[in-house]
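Visitor: Input: one structure, supplied below.
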């Protein structure tokens, strides 16, 4: 057995993320709780989907443990600034939203104490579980590529804008604003 296989899931998440912190512990516990409740493990394909409502440290643990990544198209970022993750299992038509409900007294607890509580408290004390209010997102699509007529770089056709009769990438096409 290799040294990597001998390390715990937590230690592997720490190695992937780069350091231990409360945020990583939060994502670690959310991913583990979702895997337990949904009866799934690492997803090598797009069967398990995660919609994350934050882009914080915990997301690294979710990616590492579940196999949900931006590159595979089964990790979707829905910026709400919440410690919330919605998981979907395509093959079983299951879904689960995991939301951090535990509040920590950051004035009287240091980061190490918060991390330790996150790693030790029961799931039901840490999280609220419910069904997501939205349906399973569609599978990732592969789009044609278009060369920007201004900078010459290639981008996905879904990101092309017309500007003065030229196909332009989003960086070259000026944003339209009415000033408010």
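Visitor: So what is the calculated 222 nm ellipticity per residue for the chain, using -39500 (n - 2.57) for each DSSP H run with n of 4 or more, over all residues, to the nearest 500 deg cm²/dmol?
Guide: Value at 222 nm, helices only: -8000 deg cm²/dmol.
Visitor: Still on this structure, I have one more. Sort out for me the Cα centre separation of the stretch 136-172 from the stretch 6-21, rounded to whole Å.
Guide: Measuring centre to centre over Cα atoms gives 37 Å.
Visitor: Between residue 142 and residue 162, with labels modelled 7 Å along Cα→Cβ, what's the label distance in nm to one decimal, could you check?
Guide: 2.8 nm
Visitor: Quote the relative contact order of the stretch 112-180 in percent (integer), defining contacts as alpha-carbon pairs under 8 Å separated by 6+ residues.
Guide: Taking the mean separation of contacting Cα pairs over the length of the stretch 112-180, I get 19 percent.
Visitor: What's the extension gain from residue 151 to residue 123 if we count 0.36 nm per residue and subtract their Cα-Cα distance?
Guide: The span from residue 151 to residue 123 would gain 5.0 nm if fully extended.
Visitor: Can you give the percent of C-alpha pairs in the stretch 70-140 whose distance is more than 17 Å?
Guide: On the way: 1393 of 2485 pairs.
I get 56 percent for the Cα pairs in the stretch 70-140 exceeding 17 Å.
Visitor: Now for a different question. In whole angstrom, and with the biggest value first, how far do the Cα coordinates of the chain range along each principal axis?
Guide: Each principal axis gives a Cα extent; for the chain these are 59, 40, 37 Å.
Visitor: Normalised by the residues of the chain, what does the relative contact order come to in percent, with Cα pairs under 8 Å and at least six apart?
Guide: 17 percent
Visitor: As an exercise, use a Förster radius of 25 Å and the Cβ-Cβ distance of residue 111 and residue 45 to find the FRET efficiency, rounded to the nearest 0.05.
Guide: Using R0 = 25 Å, I get an efficiency of 0.10.
Visitor: Considering the stretch 141-180, what Rg and Dmax in Å follow from its alpha-carbon atoms?
Guide: Gyration radius and largest Cα-Cα distance of the stretch 141-180: 11.0, 35 Å.
Values quoted throughout were computed directly from the atomic coordinates according to the rules given, and no laboratory measurement underlies them. None of the values given here were measured: they were computed from a predicted structure. Using ideal geometry, Cβ is built from the backbone for each residue, glycine included, and neighbour counts are taken over all protein chains shown.
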